[in-house]
Amino acid sequence: MNKNKINLRFSVITLIILSAAMSRLLPHPPNFAPIGGMALFGAAYFSKKYWAFIIPIVSMWVSDLILNNVIYGQYFDHFVWFYSGSLFTYGAFALIVVLGMFTLKKVRVPNLAVSALGASVIFFIVSNFGVWLTSGMYPPTFSGLMTCYTAGIPFFHNTILGDLVYTGVLFGAFELCVRKIPQLRVAPIQ
(Lines give C-alpha, C1' and ligand atoms only; values in the text may rest on other atoms or scores of the structure.)
Protein backbone atom coordinates (compact mmCIF):
# COMPACT_ATOMS: atom_id res chain seq x y z
CA MET A 1 0.00 0.00 0.00
CA ASN A 2 1.41 3.39 -0.85
CA LYS A 3 2.17 6.08 1.71
CA ASN A 4 -0.67 8.38 0.52
CA LYS A 5 -3.26 5.67 1.24
CA ILE A 6 -1.74 5.08 4.69
CA ASN A 7 -1.81 8.81 5.47
CA LEU A 8 -5.38 9.18 4.17
CA ARG A 9 -6.65 6.27 6.28
CA PHE A 10 -4.79 7.51 9.37
CA SER A 11 -6.13 11.05 8.83
CA VAL A 12 -9.75 9.94 8.42
CA ILE A 13 -9.62 7.71 11.51
CA THR A 14 -8.01 10.51 13.53
CA LEU A 15 -10.56 13.09 12.32
CA ILE A 16 -13.48 10.84 13.29
CA ILE A 17 -12.03 10.34 16.79
CA LEU A 18 -11.30 14.05 17.23
CA SER A 19 -14.85 14.89 16.11
CA ALA A 20 -16.26 12.43 18.65
CA ALA A 21 -14.14 13.95 21.42
CA MET A 22 -15.32 17.45 20.54
CA SER A 23 -18.94 16.26 20.61
CA ARG A 24 -18.49 16.14 24.39
CA LEU A 25 -18.72 19.95 24.28
CA LEU A 26 -22.33 19.76 23.08
CA PRO A 27 -25.14 19.52 25.64
CA HIS A 28 -25.84 15.90 26.50
CA PRO A 29 -27.29 13.78 29.32
CA PRO A 30 -24.83 12.86 32.09
CA ASN A 31 -22.49 10.02 31.05
CA PHE A 32 -23.87 9.88 27.50
CA ALA A 33 -20.43 10.28 25.96
CA PRO A 34 -18.22 8.94 23.15
CA ILE A 35 -15.50 7.59 25.44
CA GLY A 36 -16.07 3.86 24.91
CA GLY A 37 -16.79 4.28 21.20
CA MET A 38 -13.61 6.29 20.64
CA ALA A 39 -11.45 3.70 22.39
CA LEU A 40 -13.01 0.79 20.51
CA PHE A 41 -12.85 2.59 17.17
CA GLY A 42 -9.15 3.37 17.58
CA ALA A 43 -8.44 -0.22 18.68
CA ALA A 44 -10.20 -1.63 15.63
CA TYR A 45 -8.82 0.61 12.92
CA PHE A 46 -5.36 1.91 13.76
CA SER A 47 -2.87 -0.58 12.33
CA LYS A 48 -0.13 0.61 14.69
CA LYS A 49 -1.83 -0.06 17.98
CA TYR A 50 0.03 2.59 19.96
CA TRP A 51 -2.02 5.16 17.99
CA ALA A 52 -5.17 3.50 19.39
CA PHE A 53 -4.04 4.74 22.80
CA ILE A 54 -2.43 8.06 21.86
CA ILE A 55 -4.96 9.65 19.48
CA PRO A 56 -8.16 8.96 21.46
CA ILE A 57 -6.60 9.78 24.85
CA VAL A 58 -5.06 13.03 23.62
CA SER A 59 -8.35 13.94 21.90
CA MET A 60 -10.25 13.27 25.10
CA TRP A 61 -7.70 15.23 27.16
CA VAL A 62 -8.07 18.26 24.85
CA SER A 63 -11.85 18.11 25.22
CA ASP A 64 -11.37 17.78 29.01
CA LEU A 65 -9.25 20.95 29.00
CA ILE A 66 -12.04 22.85 27.27
CA LEU A 67 -14.78 21.34 29.44
CA ASN A 68 -12.99 21.93 32.74
CA ASN A 69 -11.61 25.39 31.98
CA VAL A 70 -14.31 26.96 29.81
CA ILE A 71 -17.65 25.20 30.20
CA TYR A 72 -17.21 24.24 33.88
CA GLY A 73 -14.57 26.85 34.65
CA GLN A 74 -16.72 28.54 37.31
CA TYR A 75 -16.34 25.42 39.48
CA PHE A 76 -12.55 25.69 39.61
CA ASP A 77 -10.42 28.46 41.08
CA HIS A 78 -7.45 27.74 38.77
CA PHE A 79 -6.60 26.31 35.36
CA VAL A 80 -7.19 22.54 35.42
CA TRP A 81 -4.77 20.35 33.48
CA PHE A 82 -6.07 17.15 35.10
CA TYR A 83 -8.92 16.58 37.56
CA SER A 84 -8.68 14.31 40.59
CA GLY A 85 -10.11 11.23 38.88
CA SER A 86 -8.48 11.68 35.49
CA LEU A 87 -5.95 8.89 36.06
CA PHE A 88 -8.84 6.46 36.51
CA THR A 89 -10.80 7.82 33.56
CA TYR A 90 -7.80 7.54 31.23
CA GLY A 91 -6.91 4.17 32.74
CA ALA A 92 -10.42 2.90 31.97
CA PHE A 93 -10.03 4.32 28.48
CA ALA A 94 -6.78 2.36 27.99
CA LEU A 95 -8.43 -0.85 29.26
CA ILE A 96 -11.24 -0.34 26.74
CA VAL A 97 -8.65 -0.03 23.95
CA VAL A 98 -7.15 -3.35 25.09
CA LEU A 99 -10.63 -4.90 25.13
CA GLY A 100 -11.20 -3.68 21.56
CA MET A 101 -7.88 -5.11 20.38
CA PHE A 102 -9.09 -8.56 21.41
CA THR A 103 -12.80 -8.36 20.57
CA LEU A 104 -12.69 -6.36 17.33
CA LYS A 105 -10.17 -8.26 15.25
CA LYS A 106 -13.18 -8.69 12.97
CA VAL A 107 -15.56 -5.75 12.95
CA ARG A 108 -19.03 -7.26 13.06
CA VAL A 109 -22.22 -5.94 14.66
CA PRO A 110 -22.33 -8.61 17.42
CA ASN A 111 -18.67 -7.95 18.27
CA LEU A 112 -19.36 -4.22 18.38
CA ALA A 113 -22.36 -4.65 20.67
CA VAL A 114 -20.50 -6.93 23.09
CA SER A 115 -17.46 -4.63 23.04
CA ALA A 116 -19.57 -1.53 23.71
CA LEU A 117 -21.27 -3.23 26.65
CA GLY A 118 -17.88 -4.37 27.95
CA ALA A 119 -16.60 -0.81 27.60
CA SER A 120 -19.50 0.44 29.72
CA VAL A 121 -18.77 -2.07 32.46
CA ILE A 122 -15.04 -1.28 32.46
CA PHE A 123 -15.69 2.45 32.64
CA PHE A 124 -18.26 2.04 35.42
CA ILE A 125 -16.02 -0.15 37.57
CA VAL A 126 -12.79 1.83 37.11
CA SER A 127 -14.19 5.37 37.21
CA ASN A 128 -16.34 4.75 40.27
CA PHE A 129 -13.40 3.10 42.01
CA GLY A 130 -11.46 6.28 41.25
CA VAL A 131 -14.22 8.45 42.72
CA TRP A 132 -14.23 6.32 45.87
CA LEU A 133 -10.45 6.43 46.19
CA THR A 134 -9.76 10.09 45.37
CA SER A 135 -12.82 12.22 46.08
CA GLY A 136 -13.14 11.89 49.84
CA MET A 137 -16.92 11.61 49.36
CA TYR A 138 -17.00 8.01 50.63
CA PRO A 139 -15.33 6.33 53.60
CA PRO A 140 -12.21 4.31 52.68
CA THR A 141 -13.93 1.02 53.50
CA PHE A 142 -15.50 -1.77 51.49
CA SER A 143 -18.88 -0.40 52.52
CA GLY A 144 -17.84 3.04 51.22
CA LEU A 145 -16.81 1.49 47.91
CA MET A 146 -20.15 -0.31 47.58
CA THR A 147 -21.97 2.94 48.41
CA CYS A 148 -20.01 4.67 45.65
CA TYR A 149 -20.90 1.97 43.12
CA THR A 150 -24.54 2.14 44.21
CA ALA A 151 -24.54 5.93 43.73
CA GLY A 152 -23.21 5.42 40.19
CA ILE A 153 -25.96 3.03 39.10
CA PRO A 154 -28.43 5.76 37.99
CA PHE A 155 -25.80 7.03 35.52
CA PHE A 156 -24.90 3.59 34.17
CA HIS A 157 -27.78 3.37 31.69
CA ASN A 158 -26.56 6.56 29.98
CA THR A 159 -23.04 5.12 29.82
CA ILE A 160 -24.42 2.03 28.08
CA LEU A 161 -26.54 4.08 25.68
CA GLY A 162 -23.66 6.45 24.93
CA ASP A 163 -21.25 3.60 24.25
CA LEU A 164 -23.74 1.78 22.02
CA VAL A 165 -24.76 4.92 20.09
CA TYR A 166 -21.27 6.34 19.64
CA THR A 167 -19.82 2.95 18.71
CA GLY A 168 -22.49 2.67 16.02
CA VAL A 169 -21.96 6.24 14.83
CA LEU A 170 -18.15 6.06 14.68
CA PHE A 171 -17.97 2.68 12.96
CA GLY A 172 -20.89 3.61 10.68
CA ALA A 173 -19.25 6.92 9.72
CA PHE A 174 -16.05 5.13 8.80
CA GLU A 175 -17.94 2.58 6.70
CA LEU A 176 -19.67 5.44 4.87
CA CYS A 177 -16.27 7.00 4.22
CA VAL A 178 -14.98 3.67 2.91
CA ARG A 179 -17.90 3.50 0.46
CA LYS A 180 -17.04 6.98 -0.83
CA ILE A 181 -13.27 6.42 -0.74
CA PRO A 182 -12.54 2.70 -1.32
CA GLN A 183 -8.79 3.21 -0.67
CA LEU A 184 -9.64 3.45 3.03
CA ARG A 185 -10.76 -0.19 3.13
CA VAL A 186 -7.39 -1.88 3.07
CA ALA A 187 -5.52 -1.53 6.32
CA PRO A 188 -1.85 -0.62 5.95
CA ILE A 189 0.73 -3.31 6.61
CA GLN A 190 2.34 -2.99 10.03
- prompt: Got a number for residues in region 95-122 being assigned to a helix (DSSP H, G or I), without any contact (Cβ under 8 Å) to a residue 12 or more places away in the chain and not aromatic (F, W, Y)?
  reply: 5
statement: Checked region 28-60 for anything at pLDDT below 90 and farther than 27 Å from I153 by Cα; matches are S47
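Out of I153, I160, which single residue is surrounded by 15 or more Cβ atoms within 10 Å (Cβ to Cβ), part of a helix (DSSP H, G or I) and aliphatic (A, V, I, L, M)?
On the way: I153 fails: surrounded by 15 or more Cβ atoms within 10 Å (Cβ to Cβ).
I160 is the lone residue from the list that is surrounded by 15 or more Cβ atoms within 10 Å (Cβ to Cβ), part of a helix (DSSP H, G or I) and aliphatic (A, V, I, L, M).
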field: Residue within region 12-32 that is touching a Pro at 6+ places or on another chain (Cβ under 9 Å), closer than 21 Å to K106 by Cβ and surrounded by 13 or more Cβ atoms within 10 Å (Cβ to Cβ) present
entry: yes
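Criterion first (among the polar types (S, T, N, Q) and under 25 Å from G136 (Cα atoms)) does N111 satisfy it?
Considered against the rule, which asks whether it is among the polar types (S, T, N, Q) and under 25 Å from G136 (Cα atoms), N111 comes out as no.
Could you list all residues from region 70-89 that are surrounded by fewer than 17 Cβ atoms within 10 Å (Cβ to Cβ) and either in a helix (DSSP H, G or I) or touching a Leu at 6+ places or on another chain (Cβ under 6 Å) (or both)?
Within region 70-89, V70, I71, G73, Q74, Y75, L87 qualify.
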statement: Taking region 126-147 and keeping only residues that are assigned to a helix (DSSP H, G or I), under 20 Å from S86 (Cβ atoms) and out of contact with any Leu (no Cβ under 9 Å at 6 or more places or on another chain), one is left with S127, V131
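Output the residue which, of all residues in region 33-64 that are without any contact (Cβ under 8 Å) to a residue 60 or more places away in the chain and of a type in the set (D, E, K, R), is surrounded by the most Cβ atoms within 10 Å (Cβ to Cβ).
Here is the first cut: in region 33-64, the residues without any contact (Cβ under 8 Å) to a residue 60 or more places away in the chain are 42, 46, 49-64.
Subsequent filtering for residues that are of a type in the set (D, E, K, R) retains 49, 64.
Details: K49: 15, D64: 20.
So the residue we want is D64.
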- prompt: For I153, are the conditions met, namely being over 21 Å from L40 (Cβ atoms), among the β-branched types (V, I, T) and under 20 Å from the mean Cα position of the chain (by Cα)?
  reply: yes
- request: Could you check how many residues of region 135-190 are out of contact with any helix residue (DSSP H, G or I) (no Cβ under 8 Å at 6 or more places or on another chain) and either of a type in the set (D, E) or touching a residue at least 60 places away in the same chain (Cβ under 8 Å) (or both)?
  value: 6
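The values are calculated or read from the model by the stated rules, or taken from the named source; none is laboratory data. Remember, predicted model here, so these are calculated numbers, not experimental data. Please note: Cβ atoms are built from the backbone with ideal geometry, for glycine as well, and neighbour counts cover all protein chains shown.
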